[in-house]
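Chemist: For reference, the structure I am asking about is given below.
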Amino acid sequence: MRHQPLSAEPTRQLEDDKVIVTRWDFAPGAETGWHRHPHDYIVIPLVDGVMRLQTAEGCHDSEVKAGATYRRQAGVEHNVINAGEGHFAFVEIELKASREEK
C-alpha cells in the first residue's frame, strides 16, 4: 500500500505588486509537491537541514545552513523534500518585478 506523502506547510507572509513572501515548514519527509515558479526567487533557510530537490533530471540532496541565502530563476518544475531527521524551514521570496524594472 502506497502512503500519501506529508505536505510541507506554507504560510503566506506578504504579497504585493513586487514580491510574494512565503514561509515553508517541513516535518521530516514532508514535501512541497511538484510546482513551477512564475518568478525568480530567493530562499533563506531558517535552520540547518538536508533538502532534497527533485527535478525532471533526477534528485539532488544538499546540506543547507541557516541564513545561507541562495536564488533561483523561474521556470524549473521541481519538488522540495525535507530529507533530514528534524524540522526544516525556509523563507521564499518571489520577485514579481519585471526584468525591465531591474
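Read the figures in this text as sums done on the coordinates, not as results from a lab. In this text, all values refer to a predicted model and were calculated from it rather than measured experimentally. Don't worry about glycine lacking a Cβ; one is built from the backbone with ideal geometry, like all the others, and counts go over all protein chains shown.
Chemist: Quick one: Cα centre-to-centre distance for region 1-36 and region 47-85, in angstrom?
Modeler: Computed from Cα coordinates, the inter-centre distance equals 12 Å.
Chemist: Would you order Glu31, Glu77 from fewest to most other beta-carbon atoms within 10 Å of each residue's own beta-carbon?
Modeler: In order of increasing Cβ crowding within 10 Å: Glu77, Glu31.
Chemist: When Asp61, Asp25 are ordered from fewest to most other Cβ atoms inside 10 Å of their Cβ, what list results?
Modeler: By the 10 Å Cβ count, ascending, the order reads Asp61, Asp25.
Chemist: For a test of the definition: using alpha carbon positions, the gyration tensor, and the 1.5 limit on a/c, classify region 9-92 as rounded, prolate or oblate.
Modeler: Cα axes put region 9-92 in the oblate bin.
Chemist: Return the distance in nm (one decimal) between the two label points of a simple spin-label model at Glu85 and Asp16, each offset 7 Å from Cα along Cα→Cβ.
Modeler: Label-label distance for Glu85 and Asp16, simple model: 4.3 nm.
Chemist: I've got another one for you. Counting alpha carbon pairs within less than 8 Å and at least 6 residues apart, what relative contact order, in whole percent, applies to the chain?
Modeler: It comes to 36 percent, rounded to a whole number.
Chemist: Taking the Cα centre of the chain as origin, work out the dipole magnitude from +1 charges on Lys and Arg Cβ and -1 charges on Asp and Glu Cβ, in debye rounded to 20.
Modeler: So the dipole magnitude of the chain works out to roughly 100 debye.
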